Amino acid sequence: MPNKNLRGLFVLLLACINIMNLSTARSEKRAKEVGIRKAIGSLRAQLVLQFLSESFLIVALSFVLAVLLAWLSLPLFNDISGKQLHLIWNDPLFWLACICFCFLTGLVAGSYPAIYLSSFNAVRVLKGTFKAWPSASLPRKVLVVIQFAVSVTIITGTIVVFKQIEFARDRPVGYDRDNLVMIPYNGIRAYCAFSQELLNTGEVSGVTASVNPTTGTWSSADNLSWRGKDPNRLEVFGTVLIDPDFGSVVGWKMKEGRNFSKELLTDSAGFLFNEAAIRQMGLKQPVGETIKWHGKDWKVLGVVKDIVMNSPFEPVTPVVFLMDDRERSFNVIIFKLKAGMPVSRSLAGIETVFKKFAPEAPFNYKFADSEYAQKFLAEERTGKLAFLFAGLAIFISCFGLFGVASFVAEQRIKEIGVRKVLGASVAGIWGLLSKEFVLLVSIALLIAVPVSWYLMHQWLQPYTYRTGLSWWVFALTGAGTVIITLLTASYHSLKAALTIRLKAYARNDAYYFDQ
């Protein structure tokens, strides 16, 4: 997905294309002005300068309006992006950069119309024989194709971003996050008494402790050895120190073997591995295997089904779980609220118990599902910004198409009148005027689909756990773009077909068609 700066430049490019299209579409209306100016001695360079000045004036007025809109919309943008941006009103470099950028924009937007309009032949214009060459519409068609190709690419990218977020959000995490609350250990010295009193309140169904929360692994080990290990390969595991009740409280599932037990003292010299760790180690029958760590033998007691503790977009981290009931070993207390109980009341009861055992410590709690949702913030912000740019892109493209369609309908008034006299239906005239724009958008789709597929394929590569580029994404984008094009172009097409009256009267052997 192109970064925000590139998306902004693409939207600006679409706006520049609008100026080019609308300026050249009005060429016949300005032909007499050009002819008269040339007849009274204006040089082509002067005409180019005039049309460029018009472009610079439009850009300058747009810049003033843009600064105002940016100032008003900054709070919303900061909320979406998670940043704290502000306009640098007193920085001369900022205003110098803005002036240079406006000059460049005006030059890009006005150069082609200025060169095109200043090229008209004065004699033909003043004789009334001037007519724009059929090929003059070709650049406008090319620019419309570019506009919609860029818009389709941005829209497709937006859909893929949200699809990737939903794909990762729906990923099974391997434990039950509902009503799971985590608080800092905060130096509670009588953990066993604290946990028992929490259970006695009836507000929780289970209490456990861990060296880290369920949403992350804070430590790792790379010096484990086992039978069959490749001595030339470095194997790294996340290490999680837990108390014996951890598995039952968080609701993980055992694939084989058994969980830690308080009754078995030998479990303090035992390991639990997750499936990812066993796959990395290459053990066929892990339960009962001996693992050497820090010169000590550890027994594999069981294998836990994979739980997602780190990024939902990445493979599950290989983790080894160790049992410890020493209070000083833990950093986090985890408890499960009873289902059906008012959450606020349960938290108030828990806080009362907490203050009894740690009166000086603040009661800061976090819900596991809320913490897990934080892992999607970066992608969600990307999706929201992409949605905003996609909306701007399609709006600007349709706005330009709306203007071009009005001039096309105006230029073909005489043709439409003749067709109505000969019995053409409104639907037929609508199809005649709309098919050209549908054809241009179809060409844009043929360009945009492979380009957007490539860009989004590259964007997805860093994510190991990623969605696929489904055909329906491109089909939906294409169908939506064609429908929007028809709706945009139909206004002028239907207006021309419904309101044109043929007034045939002889004047110098010519026919005139009035609305």
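The values are calculated or read from the model by the stated rules, or taken from the named source; none is laboratory data. Everything numeric in this text was worked out from a predicted model, so none of it was measured. Cβ sites come from the backbone with ideal geometry, for glycine too, and all protein chains shown count toward neighbours. To get the accessible areas, we keep the full protein, side chains included, count just its heavy atoms, and leave off ligands, DNA and RNA. Shrake-Rupley method; radii C 1.70, N 1.55, O 1.52, S 1.80 Å.
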I need to check one value: relative contact order of the chain, counting alpha carbon pairs closer than 8 Å and at least 6 residues apart, in percent.
22 percent
Given a 1.4 Å probe and every protein chain left where it sits, what share in percent of the accessible area of the chain is carbon and sulfur?
63 percent
Whole angstrom only: what separates the Cα centroid of the range 352-425 from the Cα centroid of the range 439-491?
15 Å
Near-label residues of the range 254-294 by backbone N, under 18 Å of a point 7 Å along Cα→Cβ of residue 310:
273-282
Counting pairwise Cα distances across the range 264-364, what percent come out greater than 24 angstrom?
47 percent
Which angle between 0 and 90 degrees, to the nearest 10, do you get for helix 44-81 versus the longest principal axis of the chain when only C-alpha atoms count?
30 degrees
The extension gain from residue 61 to residue 285, computed as 0.36 nm times the residue separation minus the Cα-Cα distance, is 73.2 nm
Could you work out the relative contact order of the range 269-355, using alpha carbon pairs under 8 angstrom and six or more residues apart, expressed as a whole percent?
32 percent
Measure of size requested: the Rg and Dmax of the chain, with Cα atoms as the atom set and Å as the unit; please supply both.
34.6, 113
Calculated from DSSP H runs of 4 or more alone, at -39500 (n - 2.57) each and per residue, what is the 222 nm mean residue ellipticity of the chain, nearest 500?
-19000 deg cm²/dmol
Relative to the chain, whose Cα atoms define the longest principal axis, helix 471-499 and its Cα axis are tilted in degrees, nearest 10, by 30 degrees
At R0 = 35 Å the Cβ-Cβ FRET efficiency linking residue 442 and residue 68, nearest 0.05, sits at 0.35
Given a Förster distance of 25 Å, report the FRET efficiency between residue 87 and residue 142 from their Cβ-Cβ distance, rounded to the nearest 0.05.
0.10
Residue 77-residue 234 pseudo-label distance in nm [points 7 Å out on the Cα-to-Cβ vector]:
4.3 nm
Under the classification rounded if a/c is under 1.5, otherwise prolate if a/b is larger than b/c and oblate if not, where does the range 158-310 fall, given a ≥ b ≥ c as square roots of the Cα gyration tensor eigenvalues?
oblate
Report the Cα centroid-to-centroid distance between the range 211-242 and the range 56-121 in angstrom, as an integer.
53 Å
Please give, to one decimal in nm, the separation of the simple spin-label points placed at residue 486 and residue 258, each 7 Å out from Cα toward the Cβ.
6.8 nm
Measuring with a 1.4 Å probe in the full set of protein chains, what accessible area per residue, in whole Å², belongs to the chain?
52 Å²
Check each of the chymotrypsin sites (Phe, Trp or Tyr not before Pro) in the range 47-126 and keep only those in coil by DSSP with at most 15 other C-beta atoms within 10 angstrom; list them in order.
89
In units of 2.2 N^0.38 Å, what is the alpha-carbon radius of gyration of the range 355-504?
1.75
